[in-house]
Amino acid sequence: MSDAEPTPADAESAANAAEAAAAAADAAADAAAIAATEAVEPQEPPLASLDVSMPGEPTTAAAKVALPEFGGSHPSAGGKHLGVLLDVGVEVAAVVGTRELKLEQLLSIQPGTIIDLDKHAGQPIELYVNGKPIALAEIVVVDGRLGARVVESLSPRKHG
């Protein structure tokens, strides 16, 4: 039976397993990004498992993998394991305020239109990394350009 041609079911099973593995890799990347933004209390390394079974097939779980412990307040505190991620680019956005508009209001925007936002002058703005809130900040001017001074870090468990 080892010389048999792969069936469409085999290909679909392999594709689903690859998709599940990609999702696990994305989750690991998210965990590394969270660990890089805040200090984590030392604890036992968590174990992760991945169920790659298909409906109608026996359940098969991937091997459990011990994840590295991240600690300290600096991203390099995770040691050599985190070092490979330090060159990964992330998008940082500073949100001054938001406002929901009706489509009619949106279409009537022209130069000179003022849009009232949900923040008051002097109130902290939100900083986001890859769409996730990480900190509150105040707007500052640095060499004639806008910047943000972090005034409070946000826990991903509270705001994510």
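Remarks
- Residue match in the stretch 126-140 (condition: surrounded by fewer than 12 Cβ atoms within 10 Å (Cβ to Cβ) and assigned to a strand (DSSP E or B)): yes
- Residue list for the stretch 81-118, filter: of a type in the set (A, V, I, L, M) and under 25 Å from ASN130 (Cβ atoms): LEU82, VAL84, LEU85, LEU86, VAL88, VAL90, VAL92, ALA93, ALA94, VAL95, VAL96, LEU117
- Restricting the stretch 124-160 to residues that are among the charged types (D, E, K, R), farther than 19 Å from VAL90 by Cα and modelled with pLDDT of 90 or more, the residue that is farthest from the chain's Cα centre (by Cα): ASP143
- Pairs, first more than 10 Å from VAL151 (Cβ to Cβ) and among the polar types (S, T, N, Q) in the stretch 122-140, second at pLDDT below 95 and crowded, with 16+ Cβ neighbours inside 10 Å, C-beta under 8 Å, six or more apart: ASN130/ALA33
- Consider the stretch 91-112 and keep the residues that are touching a strand residue (DSSP E or B) at 6+ places or on another chain (Cβ under 7 Å) and β-branched (Val, Ile, Thr). The one that is most open to solvent (accessible area, probe 1.4 Å) is VAL92.
- Filter result (under 24 Å from ALA137 (Cβ atoms) and charged (D, E, K, R)) within the stretch 88-124: GLU91, ARG99, GLU100, ASP116, ASP118, LYS119
- Unmet requirement for SER76, which otherwise passes all of (1) open to solvent by less than 90 Å² (accessible area, probe 1.4 Å); (2) modelled with pLDDT of 75 or more: (2)
The values are calculated or read from the model by the stated rules, or taken from the named source; none is laboratory data. Keep in mind it's a predicted model, so treat the numbers as computed, not measured. Reconstructed Cβ throughout: ideal geometry from the backbone, glycine too, with neighbour counts over all protein chains shown. Note: areas computed on protein heavy atoms with side chains; ligands, DNA, RNA excluded. Shrake-Rupley method; radii C 1.70, N 1.55, O 1.52, S 1.80 Å.
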